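The values are calculated or read from the model by the stated rules, or taken from the named source; none is laboratory data. Being a predicted model, the structure only gives us computed values, none of them experimental. Don't worry about glycine lacking a Cβ; one is built from the backbone with ideal geometry, like all the others, and counts go over all protein chains shown.
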């Protein structure tokens, strides 16, 4: 009889570990999605502090406005062309 009780306890333990692992994984996924969502919201609300002139702007390295992305791409292409 003790053997059956021991197996049952082991099964319950493994079920508990499985449930806890699944819950922790779901919490991590929810946290990641929440952080991504909040970052996306900030990017949409971002406004230009330099009247849309990206050249020489100190914020260009972390700006997510389309003009800044385009300017960074153009600058990196120009740098790559001069290295050849």
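Please specify each residue of the range 61-80 satisfying the condition of being modelled with pLDDT under 85 and more than 20 Å from the chain's Cα centre (by Cα).
75, 76, 77, 78, 79, 80
Have a look at 16, 56 and point out the one that is exposed (fewer than 10 other Cβ atoms within 10 Å of the Cβ) and either assigned to a helix (DSSP H, G or I) or modelled with pLDDT under 85 (or both).
56
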